[in-house]
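Here is the structure we will look at, set down as structure tokens.
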Number of protein chains: 2
Amino acid sequence: MGTSARSGTRAANSTSPAVLLYNSAVSGNCYKVRLLLAQLELEYEKVDVSVVDRSNREEVLGGLNPALRVPTLVLDDGRPLAESNAILWYFGDGTRYVPEDLYERAQVLQWMFFEQYSHEPHIAVVRFWLAYSGTPERFADQVPARMKAGYAALDAVDKHLATREFLVGGGYSIADVSLYACTHVAHEGGFELEAYRAIRAWLERVAAQPGHVPIDA
Amino acid sequence: MGTSARSGTRAANSTSPAVLLYNSAVSGNCYKVRLLLAQLELEYEKVDVSVVDRSNREEVLGGLNPALRVPTLVLDDGRPLAESNAILWYFGDGTRYVPEDLYERAQVLQWMFFEQYSHEPHIAVVRFWLAYSGTPERFADQVPARMKAGYAALDAVDKHLATREFLVGGGYSIADVSLYACTHVAHEGGFELEAYRAIRAWLERVAAQPGHVPIDA
């Protein structure tokens, strides 16, 4: 919020119960949340949920997340919050990771909606199918169209980053967290990043941010 | 922003150039923007872009929207903004259509990300394929999976609305604008809403909001 004290971290109160993150170690969407919480030095507890066997999703996430997906978060007061990018906004707004300018804030949201509509459903989903589902052959006929759309998304991001250090404004923001998550492991889905010079340089800049943690931390 | 004067409309300055909306009359995503701008009594100009023949997208939207989709907006100072829900936030924040409470703001975003990931790609896309593409037969093999996912999204929304008047907090917000857009025309994609009593009552409440305009206004 515009009126909040703006700092790199929120004050951690060690006596309050931690937030609870329903998590998957391999999910890029979950990694986004772990990365920002690490950079904000916010403590949390994790419950790992399978992204392959989804049979217990209603039991575990029913009542917490209408989409029954991870990440799902339960705040320290018991209230649930879902959708990775909404969680990034909740924790990031009021810190250095969300800009104050009205237009830049909208651009952060623009890139996060782009990520969920045009990027993640292609790049992260192909990675999941091929590297983590255990049954890549089941998805073989759907892979070419998704890869084509994934490369179109990478083209758009590379073009945008060709003249910029970060996605929005002059600095690292939750928009970068959001798009970094599945871009930096896109090779696991067979995406070839060699030709994307601007993306590769940006991946290095993001990984060099203070408090950065890798996906397998 | 939390510090802004909160009112139903922003002051319209009749001497400034209007914002320019790259628009499609049939697109639910474009309708969201038209609906909120009408409720805010903000004037704008429209340029209609075909959602069937996409051959001129790079020419028309290149440099304005990395996803080359509509809606794309050009603000009165010439700066572009894309992604329907980011546009809703840009114009809605600071008005009665975006709550002030930090958690409710995140919930608004949660529902808008749900809409773009779990709802629109199924419900709006099937509607487009069957009713507007001109070549429904091309998509026939993809329709059943999309309809199943679309009904799962409707199930989730109906369950949530069973105990609530609107999606977030006590009042109508841009989350309702976002989900109303393609839900109220879902029948054009063959979705049967009879069984969704909570959704049907909510559609009526949304349509009764001050300043509401229909999709074909």
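The values are calculated or read from the model by the stated rules, or taken from the named source; none is laboratory data. In this text, all values refer to a predicted model and were calculated from it rather than measured experimentally. Every residue, glycine as well, gets a Cβ built from its backbone with ideal geometry; the counts of neighbours run over all protein chains shown. Quick note on the areas: whole protein, heavy atoms, side chains included, nothing else; ligands and nucleic acids left out. Shrake-Rupley method; radii C 1.70, N 1.55, O 1.52, S 1.80 Å.
Points worth noting:
- The alpha-carbon of B:Lys32 sits under 18 angstrom from the alpha-carbons of these lysines, leaving out residues fewer than 8 places away in its chain: B:Lys46.
- Estimated 222 nm signal from helices in chain A, with DSSP H stretches of n ≥ 4 weighted -39500 (n - 2.57), rounded to 500: -12000 deg cm²/dmol
- C-alpha center-to-center spacing [the stretch A:51-86, the stretch A:143-192] in angstrom: 26
- Centroid-to-centroid, using Cα positions, the stretch B:113-142 and the stretch A:100-135 are 19 Å apart.
- Modelled this way, with points 7 Å down the Cα-to-C-beta line, the labels at A:Thr163 and B:Glu165 are 4.8 nm from one another.
- Surface calculation, 1.4 Å probe, protein heavy atoms: B:Asp53 sits at approximately 90 Å² accessible.
- Binned Cα-Cα distance frequencies in chain A - 5 Å width, integer %: 1, 7, 15, 19, 20, 17, 12, 7, 3, 1, 0
- Sorting B:60-67, B:102-109 by their mean Cβ neighbour count within 10 Å, with the most densely packed peptide first, gives B:102-109, B:60-67.
- The mean number of Cβ atoms from other chains found within 10 Å of a Cβ in peptide B:132-140 is 0, as a whole number.
- Minimum 30 Å² accessible area buried by the other protein chains, the stretch B:95-116 residues, probe 1.4 Å, relative to alone: B:Leu102, B:Tyr103, B:Arg105, B:Ala106, B:Leu109, B:Gln110, B:Phe113, B:Phe114, B:Gln116
- Measuring nothing but protein heavy atoms, the accessible surface of the stretch A:8-146 at 1.4 Å probe radius is 49 percent carbon and sulfur.
- Radius 13 Å from Cβ of B:Gln107, net charge of other residues (Lys, Arg +1; Asp, Glu -1): -3
- Hits among lysines - C-alpha to C-alpha of A:Lys148 under 21 Å, sequence gap 8 or more where chains match: A:Lys159
- For chain B: accessible area per residue (Å², 1.4 Å): 42
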